[in-house]
Amino acid sequence: MTLPRERFAAITKTRTFLAALIDPKRTPNIPAPIRQEARACLKHYPTVLDMDEALHGLTLAARVWAAVEPLPKHRHRPPKSD
């Protein structure tokens with residue numbers, strides 16, 4: 001099972017990897033189509049600010065849900081009508 005912090009770390013590492021792919025000084029000998037694809041992927045990739053906002057939203061959601069009474073484990077279903 002992937003934990004939220006592992007998912008956030010994977011997103012951050014992927015951004016770093018894609019940024020390295022588009023920089024010829026960091027990664028020489030990468031074909032132009034690969035660099036172009038990496039650049040296209042980064043165009044709408046979440047920024048560090050996006051990730052901070054997502055983390056804040058998750059933290060807030062966790063607090064809200066913690067304040068809500070849990071639902072009963074077994075809810076009764078209404079009888080089927082024919």
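Just so you know, all these numbers are worked out from the coordinates, no wet-lab data involved. Computed from a prediction, not measured in an experiment: that's the story for all the values here. No Cβ is skipped: glycine too gets one built from the backbone with ideal geometry, and neighbour counts run over all protein chains shown.
Details
- Among the residues listed as T59, T12, the single one being touching a residue at least 24 places away in the same chain (Cβ under 8 Å) and out of contact with any Leu (no Cβ under 9 Å at 6 or more places or on another chain): T12
- Check on P28, assigned to a loop (DSSP other than H, G, I, E, B) and closer than 26 Å to L58 by Cα: no
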